[in-house]
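Where a number appears in this text, it was derived from the coordinates with a stated rule and is not lab data. What you see is a predicted model; the values in this text were computed from it and never measured. Methodologically, a virtual Cβ is constructed for each residue, glycine included, from the backbone with ideal geometry; neighbour enumeration extends over all protein chains shown.
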Amino acid sequence: MSDRVELAAIGALRPAVLEALAAEFTLHEVGASADVAAALGPAAERVRGIVTSPMVGVSAPVMDALPKLEIVSLFGVGLERTDLTCARERGIVVTTTPVLYEDVADTAVVLAMDVSRRVTAGDRWLRAGSWAAGQQPASGSRFSGKRAGILGMGRIGRMLAKRLAAFDMKISYYDPRPAPDVDYPPYSTGVELARESDFLFLCAAGGPGQRHLVDGEMLAALGPQGVFVNISRGWLVDEEALVDAVVTGTIGGAGLDVFDDEPNVPQALREADNVVLLPHIASNTFETRQDMDRCMVDNIRSWFTTGQAITPVP
């Protein structure tokens, strides 16, 4: 039997991560199995580390089924599907890859500008031959100088605010945990923030049990000229209310990178000309994916060589 440390890779992971880990560890690729312990077989008694994605996460039953588990390395920063309470009780270290925030903030700006200036709508219009037919495209709305409301003033919220300030936007925010180190005015509720915003950006972390932070009332407060942008988590939005708001003109439009039941996107959103859709790729740049690969592997390597993780969750 090999004396190399044994790891379980759960769900779909990038080949570069799997290759790097397999070169140094005994790697068991579980895939999308619902029963991790059964898929591992006897190895479940020996596995000391897990690598997976935040969208898969590691539940308490999975942790309990792996008696020698020491570390969980996540490819991303979401924690809503990993049982941190169980991990802390067991002394299991959980790490993330906090190297993606700038790309996500960039994507939020891209989506907002695209919706307001009708960039991809104009692309579709041109490709359909409408320009050659002598038609006139629908007008967009000015992006610069507007009011931006940010739901969640964490790392992404702060980076987004910095970018929006370059467009001379008036920036406000709502966060249940006020951020005294920023100069932007806070609102006491998300609805109040939406009422005073032209663009409403959802940057909140999706914690366990959180759903529908953005609901019909908040979207109605945003109003018929307002644009909603989500680069956080799909289930933090009442998607039925969002579909209704888009279709009925309750809001002016939406830019969405995430959805409630990925990869399933409501047909009404796919057909709406005032909505821009991305397949959960806000952090998907060549540079950031390489950085995430490296961070994920380095956390595992560091833990089993020095007893310290590089980017552990506090």
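List of remarks:
- Net charge, E196 excluded, C-beta distance under 10 Å - Lys, Arg +1, Asp, Glu -1: +1
- The chain: most fluctuating residue of L242, L193, L13 per GNM, C-alpha cutoff 10 Å: L13
- Taking a ≥ b ≥ c as the square roots of the eigenvalues of the Cα gyration tensor, an a/c ratio of 1.5 or more together with a/b no larger than b/c marks the range 187-266 as oblate.
- Spin-label model distance (nm) - A38 vs Q136, 7 Å beyond Cα toward Cβ: 6.4
- Summed over all non-identical Cα pairs, the Kirkwood treatment of the chain gives a radius of 21.1 Å.
- Separation in nanometres of the label points that stand 7 Å from Cα toward Cβ, at D123 and M55: 2.0
- Loop-resident sites, the range 2-61, for GluC sites (Glu not before Pro), counting at most 16 other Cβ within 10 Å (DSSP): E24
- For the range 268-314, the alpha carbon positions stretch 53, 24, 11 Å along the principal axes, listed from largest to smallest.
- Those aspartates and glutamates that a straight Cα-Cα span of less than 17 Å connects to K146, excepting residues fewer than 8 apart in one chain: D114, D168, E192, E196, D198
- Cβ-based exposure ranking for C203, C295, in which fewest neighbours within 10 Å come first: C295, C203
- Separation of alpha-carbon centers, the range 1-56 and the range 133-205, rounded to whole Å: 40
- Residue of R233, R88, R211 that the Gaussian network model of the chain assigns the largest fluctuation, springs spanning Cα pairs under 10 Å: R88
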